Amino acid sequence: PQLSVGPARTCWAPSAWLMLPLLAIAHQTFVPSPTVRAHAPAALRAPVRSILVPATPAAAPLLTRGLQAMHVSVAAGALLAPAVADGFAAAAWGLFDSCAFTHDRMFEASLAVSCFVAFILFFESIHLVVDPRVYRLDGAAPKRPLRGFTTQWWKTVVPALTYLGSIYVYHELSLGQLLYGPPPADVLAHGPGVPTWGRVVTELSLGVFLYDALFYPFHLSFHKLRARRWRKMHARHHVWGSTEAAAHNAVETVQNSYLDAGVQVFINIFVQHLSPWGFKHPLSRALHNVMVVYLLCESHSGYDLPFMSHRLFPGLFGGPVAHEQHHQQGNVNFHQFFLWADRILGHTPTAEQNRKHREALAAVGAAQDSARQQQAAAEVVR
């Protein structure tokens, strides 16, 4: 049946007014006061130190608390008023299903590429809005940001074309039907139907968890196996960490060998065919692609921002803090998103590794501060 999305759109009008206090909080969080600016070197190292050393609890920023409260309120609202939550899911599905391009076989691949471009651009340009001395993991301005869109264009264009071309061949050869079979008969006859809120949330959460869990042993083997050729397949992804002391830029997310990237893509395709309902809903699949791409770009962003996953869900997600340490040291934090397997298998960093990592990051910020001071002194002399 045709769904009316008008009421759902109307509901967002008062919600927009409710966002104004959150925007004010964000302004106070992202625009450091004169006191913070005057003491930037000390202030910027506190978040890194407090996250890396569990014995020193971090005072969560006000924006983080606000976003956590929003997550709790949405979850509570969905439990207390499931019909309303299902109405939002139905409205979202109505909009999604009404767009012809969402039915194209290349839609999911195109959505993933678009999200990579958008999130890489976002994280590599956010230093124009926030103070990198406060929010970058190394306390310094990002090194060579946005080069993937200018002089080093191949860092974005080559992965995008390679991925889209591979997915096109995947569809041309009907590998999906050969590997996973056709959709269930009722889906073919009547379509996927209108999803409930609970189904979308369950499929999305399960998909993100399984993607990270299934890639974990492959990622671990890329570092631990004695097969040199196998380990070399992952070495390209660690070029920045092995040659630069500075924190990563988000474009490094897609700097992988074809085999390395292929393993991740096929795991993602496999996960997209798993659902407690027997068939993963198209809306859940699309949201899964957006969420996975965001988390991948976030973990390689080199930032410690109040809205990031490790801030909103501390102890559950590792975020950029954990993944940056993995890239800089190589033998810890093999999860892309979560932390549980590293804890079980003993791949969390030791206190000594944390200390060395903090000192290495602090040295980058100190070097940039020194260079800035020398430049200012030279200008005074002139």
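Computed over protein heavy atoms with a 1.4 angstrom probe, the accessible surface ordering of ARG226, ARG105, largest first, is ARG226, ARG105. Excluding same-chain neighbours fewer than eight residues apart, the aspartates and glutamates reachable from LYS143 by a Cα-Cα span under 13 Å are GLU124, GLU244, GLU252. For segment 104-364, the carbon plus sulfur part of the accessible surface works out to 66%, probe radius 1.4 Å.
List the lysines whose alpha-carbon lies under 18 Å from that of LYS232, not counting same-chain residues fewer than 8 positions away? Once the sequence-local lysines are set aside, what remains near LYS232 is LYS224. Could you tell me the distance between the Cα centroids of segment 180-241 and segment 277-343, to the nearest Å? What the calculation gives is 13 Å, centre to centre.
Counting only heavy atoms of the protein chains and using a 1.4 Å probe, THR348 has close to 60 Å² of accessible surface.
The trypsin sites (Lys or Arg not before Pro) of segment 322-358 include none that meets both conditions, a loop assignment by DSSP and at most 15 other Cβ atoms within 10 Å of the site Cβ.
The values are calculated or read from the model by the stated rules, or taken from the named source; none is laboratory data. Computed from a predicted structure; not experimentally measured. Note that each Cβ is placed from the backbone with ideal geometry, even for glycine, and that neighbours are counted across all protein chains shown. Note: accessible area is taken over every heavy atom of the protein model, side chains too, but ligands, DNA and RNA are not part of it. Shrake-Rupley method; radii C 1.70, N 1.55, O 1.52, S 1.80 Å.
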